[in-house]
1. Rolling a 1.4 angstrom probe over the protein heavy atoms, how many square angstrom per residue are accessible across the stretch A:167-299?
2. What average number of partner chain Cβ atoms lie no more than 10 Å from the Cβ of the residues making up B:222-234?
3. Considering only C-alpha atoms, what is the centroid distance from the stretch A:104-144 to the stretch B:51-127, in Å?
4. Taking all protein chains as present, what is the carbon and sulfur share of the accessible area of the stretch A:122-228, in % to the nearest whole number, probe 1.4 Å?
5. Once the Cα gyration tensor of chain A is diagonalised, what are the square roots of 5 times its eigenvalues, in whole Å and ordered largest first, as equivalent ellipsoid semi-axes?
6. Over the whole of A:90-102, what's the average partner chain Cβ count within 10 Å per residue? Rounded to a whole number, please.
7. Among the lysines, which fall within straight-line cross-link reach of B:Lys172, defined as a Cα-Cα distance under 26 Å, with same-chain neighbours fewer than 8 residues apart omitted?
8. How much mean residue ellipticity at 222 nm does chain B get from its helices, if each DSSP H run of length 4 or more adds -39500 (n - 2.57) and you divide by all residues, to the nearest 500 deg cm²/dmol?
Number of protein chains: 2
Amino acid sequence: MTGLNESITADDVARAAGVSRWTVNRAFKKDASISPKTREKVMRAAEELGYVPDLRAAALASDRSNLVALLIDDFTNPHKLVMLERLTRALRSRGWDTLLVNTLNREDTGPALLNASQRRVDATILIGIQFDDSVLAAAHSARRFKKLIIFARTSENPNTISIAVDDAAATKEIAEYVMTRGYRRPLYLAGPRTVSAHLMRKETFQEFWQTHFNVTPDTISVEAYDPALAGQTLTEELSGREREAYPDIIVCENDALAIGCIDVLRHHFDLQVPRDIAVIGFDDVPQAGSPNYRLTTYRQPLTEMANYLVDVLESDETTKLDKKFLGHLVTRESA
Amino acid sequence: MTGLNESITADDVARAAGVSRWTVNRAFKKDASISPKTREKVMRAAEELGYVPDLRAAALASDRSNLVALLIDDFTNPHKLVMLERLTRALRSRGWDTLLVNTLNREDTGPALLNASQRRVDATILIGIQFDDSVLAAAHSARRFKKLIIFARTSENPNTISIAVDDAAATKEIAEYVMTRGYRRPLYLAGPRTVSAHLMRKETFQEFWQTHFNVTPDTISVEAYDPALAGQTLTEELSGREREAYPDIIVCENDALAIGCIDVLRHHFDLQVPRDIAVIGFDDVPQAGSPNYRLTTYRQPLTEMANYLVDVLESDETTKLDKKFLGHLVTRESA
DNA sequence: CCCCAATTTGCACGCGCGTGCAAATATTTC
DNA sequence: GAAATATTTGCACGCGCGTGCAAATTGGGG
């Protein structure tokens, strides 16, 4: 019930239960070789003393921590909160703990990786946007990572496992939709250039449009996945144009950008969405479904992806673990 | 540069540098007693071999992990993302790592706490909403927590350290503002009952109104800090009323609720904010400033609070560590 | 160049548990 | 009920580093 000592160890429990220390630890391990009644006796004593196994020591001894580091930096994008929820849920419900590392700024990616490696995590997951391949290469060559997983983003780095939506397929579906609905003057709004490069959404869209209409659609890029900044960037872009030169649809690399666009279209330019200009996003963040935005967007199968990630953690394979997922277009009223 | 061996230990570096293992570890410790030139020699060798100290072993040996657990459950509230950013930033920039624990559901609070204790974290921080005092009491009596911190929420539990905004002062400021601006038929929209009880915002507001106008304002509560659910609850409430019985302002326990309200007021009831009904929130989430909401709200000094939290972690005091902060009202157009 | 104080380095022991095997029990078979 | 097999239990050693102190080294004054 109560424990007066600062820390109760397996030895204390062993003494109380009249067994050896090893038997105590066995009792706490899932399918260990131990008789039911010994286990119960041990558990009772443990309960009494308030003992729980020390995972630090277990990790040290077994060189397996059941801990992953999650590196993230893009806190202005509301989608990140959804990703955090899905990932931590999948991980925790299957016995994995998560070390959340805030990559404070671009220069901090290296130190953040180092930080993770010092905790000897079993895997490092990147869901941020600021890392580039040189950092990954350096990290890998230092051989400090058992597994380096890029989540929700593809990567060309061969030492990395990428778990992401099939951006090409998704973008084609979006482009197809845009075309079918009769839009002819799209403006593509991309995120930070380095990140966009990983996504290939912009390129895929442009290519599609080029193929079908023989023109490259206008494209601008926002320096962060931040609704406010997206609004600002769009405002600057449109302010330099005649009303007739406005696009009929803004295709956004993700919802964070799309939401910022809708806000300024309505409140700065006094336009209606989709009547005057339509908007389409990517991710299907919670707000996208609100009566205020009714955003047409593309939903990634995050839960499935998160579960696959845990499969990867628990797998011994070291190759061909990359996987692309298919999501689906959620059509609402914004486009 | 490259390391062929699976793991390089301090012994390897010691051998390479021609010193003892202890000297190697000393070289990595901030103000350890070591001569500059020995340290450099060691560091060079470490660099060469790709060695970094193993924090698991260090934690085990010193019984100090520089790790805190952060328990969270309220992922529908966008403010949580802001809190995560501020907390992880403050923690990491001062050398602390964060274990993010998703409290999967109400029954999971106990297991989540257990989880943290098995990692022997130096402190556990609660920023979720589902915990109740019985769980905290149980956790404390098991003496498994060096420090149990409730962040952004007050707590009556004496074994707990609460770092929060002064809700009474904040709510009074809000109430004062509501009164001064001439609103006379407020509707108070509270969050889940158990959480509201911790905040005392509802009670403070009611008391204020009772004192000044001798009536208790209408109050309804939403079962989660979820914009969509808030909208739904408000819709049900207003649908049962005549147009004349509508409130002139909706005072929300936080921005998540306020945003949900604004959405349905506009899009379901076709009302204007603030002309027909005003709305006021709490937290100042990023969206609150968007041209779409222009939400009047109360901003907590999160950065300051996060830094104080780290002070608490680094303090040896065990008493009187609770602290209340003052924020300020951010007036925009919604009220 | 010697002596004493200040600085720097080395070390025994322990942190709590995992691994793999050998010893001790329990269970089955005929 | 004895022998053979299956199950359960105990243990030596190691995981990588911290603590506190003792030994070794350095530097400066006379």
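1. That works out to 39 Å² for each residue.
2. Rounded to a whole number, the mean comes out at 1.
3. After rounding, the separation between the Cα centres reads 19 Å.
4. 50
5. Here the semi-axes work out to 50, 20, 17 Å.
6. Taking all residues of A:90-102 together, the mean is 5.
7. Of all the lysines, those that pass the test against B:Lys172 - Cα under 26 Å, at least 8 places apart if same chain - are B:Lys80, B:Lys202, B:Lys320, B:Lys323, B:Lys324.
8. When only DSSP H runs of four or more count, the value is -13000 deg cm²/dmol.
The values are calculated or read from the model by the stated rules, or taken from the named source; none is laboratory data. A quick note: this is a predicted structure, and the numbers were derived from the prediction, not measured. Glycine also receives a Cβ, built like all others from the backbone with ideal geometry; neighbour counts cover every protein chain displayed. Just the protein is used for accessible areas: all its heavy atoms, side chains included, with ligands, DNA and RNA removed. Shrake-Rupley method; radii C 1.70, N 1.55, O 1.52, S 1.80 Å.
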